[in-house]
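Asker: Take a look at the following structure, please.
The values are calculated or read from the model by the stated rules, or taken from the named source; none is laboratory data. It should be emphasised that the depicted structure is a prediction, and the values quoted were computed from it without experimental measurement. Positions of Cβ are generated from backbone atoms using ideal geometry, with glycine treated the same way; all protein chains shown enter the neighbour counts.
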Amino acid sequence: MKTPIIVLVAVLCVFGVLNNLYTLKVSDRPPESWVHGLVPDKVGEYAVQGSSESPKVSYRMGDVVYKELDPVGIAGQRFFAGSRGFDAVVVAGNRMESFHDQRWCFSAQGWQIKKEETAMIDTKSYGKIPVEVVEIVQNSRSTYAAFTFRGPPKFHVSRFSFDSTPSFFADIPGLSKSYFMYELFKQKKFIGSEYRVIPGFPNATRDDVLKFTADYIDAVNLSSKGQL
């Protein structure tokens, strides 16, 4: 008799876990204005160019992006210091499906990826974190871009990376698993973020992009008090 009872208890436990996870997925979440209020208006000497929608958001992504990602919110920001500028985007989401590989976007916008690598950047907020760096080319114009993902345990890049030590949570499949495990054990949603930076001035170097990316992530952490 013990075996059927054990099986029944196990089935009920699994059902309870799955039901709780479903409840989490359909639970309330902050409005996009919450994201817009948390992003920074300055990154070092760079000041944001606002819009009619928000003094801290420069532009809105198209409806197709919102339909595809269903994010908590997106903040597209353009920062300028004299003739130099950077385009930075934060995508906040409480579900793994809200994040995507930026390579798809670059290709869709007509950029050809010439080279890619995983780099480690120094941040004041999180220490060393991995970012994916791509060299992209379009109509003979070449530049660099960087992107990374903040998940429940740490930052992730979009492919398995051997940085200082191999990590199970170093790729997108790992990010997906970390979301699942966080919800399973914490029984609450985690709002993660995707960061993407691309320069808006000619002859920007790889180091220029990596430095601004680190500064931007620190500025977001400071302005959002660690919530983004």
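Asker: Enumerate the pairs (first residue in the range 199-228 and closer than 16 Å to Phe149 by Cα; second residue anywhere and among the polar types (S, T, N, Q) and surrounded by fewer than 19 Cβ atoms within 10 Å (Cβ to Cβ)) with beta-carbon separation below 7 Å, excluding pairs fewer than 6 apart on the same chain, so at least 6 apart or on different chains.
Answerer: Correct list of pairs: Ala214/Thr123; Ile217/Thr123; Ile217/Ser125; Asp218/Thr123; Asp218/Ser125; Asn221/Ser125.
Asker: Restricting the search to the range 67-81, which residues are exposed (fewer than 15 other Cβ atoms within 10 Å of the Cβ) and more than 14 Å from Cys105 (Cβ to Cβ)?
Answerer: Lys67, Asp70, Ala81
Asker: Scan (1) at pLDDT 90 or above; (2) farther than 26 Å from Lys225 by Cβ; (3) among the acidic types (Asp, Glu); (4) under 14 Å from the mean Cα position of the chain (by Cα) for the single condition Asp101 breaks and write down its number.
Answerer: Checking Asp101 against (1) at pLDDT 90 or above; (2) farther than 26 Å from Lys225 by Cβ; (3) among the acidic types (Asp, Glu); (4) under 14 Å from the mean Cα position of the chain (by Cα), the one that fails is (1).
Asker: Given the residues Lys189, Lys211, Lys225, which is the only one that is at pLDDT 80 or above, at positive phi and among the basic types (Lys, Arg)?
Answerer: So the residue among Lys189, Lys211, Lys225 that is at pLDDT 80 or above, at positive phi and among the basic types (Lys, Arg) is Lys225.
Asker: Something else about it: Being of a type in the set (Lys, Arg) and over 16 Å from Val133 (Cα atoms) is the filter here, so list the residues in the range 186-212 that pass it.
Answerer: Lys186, Lys188, Lys189, listed by residue number.
Asker: I would also like to ask the following. Could you list, in sequence order, the residues of the range 142-184 that are of a type in the set (Gly, Ala, Ser), at pLDDT 55 or above, out of contact with any Ser or Thr (no Cβ under 6 Å at 6 or more places or on another chain) and in a loop (DSSP other than H, G, I, E, B)?
Answerer: Ser158 - this is the single residue of the range 142-184 that is of a type in the set (Gly, Ala, Ser), at pLDDT 55 or above, out of contact with any Ser or Thr (no Cβ under 6 Å at 6 or more places or on another chain) and in a loop (DSSP other than H, G, I, E, B).
Asker: Still on this structure: Can you list residue pairs whose Cβ atoms sit under 6 Å apart, with the first residue in the range 146-164 being aliphatic (A, V, I, L, M) and the second being surrounded by 15 or more Cβ atoms within 10 Å (Cβ to Cβ) and modelled with pLDDT of 50 or more? Count only pairs 6 or more apart in sequence or on different chains.
Answerer: Pairs found: Ala146/Val131; Ala146/Val133; Ala146/Val197; Ala146/Val209; Ala146/Thr213; Val157/Thr118; Val157/Pro130; Val157/Glu132.
Asker: Please go through the range 51-78 and give me each residue that is in contact with a Pro (Cβ under 9 Å, 6 or more places away or on another chain) and under 18 Å from Asp41 (Cα atoms), ordered by number.
Answerer: Listed by number, the residues that qualify are Lys56, Gly73, Gln77.
Asker: If you don't mind, there's one more thing I want to ask. Out of all the residues in the range 82-94, which are among the polar types (S, T, N, Q) and surrounded by 16 or more Cβ atoms within 10 Å (Cβ to Cβ)?
Answerer: Asn94
Asker: May I pose another question? Here's a check for you: in the range 54-66, which residue that is farther than 22 Å from Asp215 by Cβ and surrounded by 14 or more Cβ atoms within 10 Å (Cβ to Cβ) is modelled with the highest pLDDT?
Answerer: Across the range 54-66, the extreme among qualifying residues is Arg60.
Asker: Something else now. Which one is surrounded by the most Cβ atoms within 10 Å (Cβ to Cβ) among residues in the range 191-213 that are under 25 Å from Val65 (Cα atoms) and aliphatic (A, V, I, L, M)?
Answerer: So, considering only residues that are under 25 Å from Val65 (Cα atoms) and aliphatic (A, V, I, L, M), the one surrounded by the most Cβ atoms within 10 Å (Cβ to Cβ) is Val197.
Asker: Pairs please, first residue from the range 50-74 and in a strand (DSSP E or B), second anywhere and of a type in the set (D, E, K, R), Cβ atoms under 7 Å, 6+ apart in sequence or on different chains.
Answerer: Taking only residues 6 or more apart or on different chains, the pairs are Gly73/Glu32.
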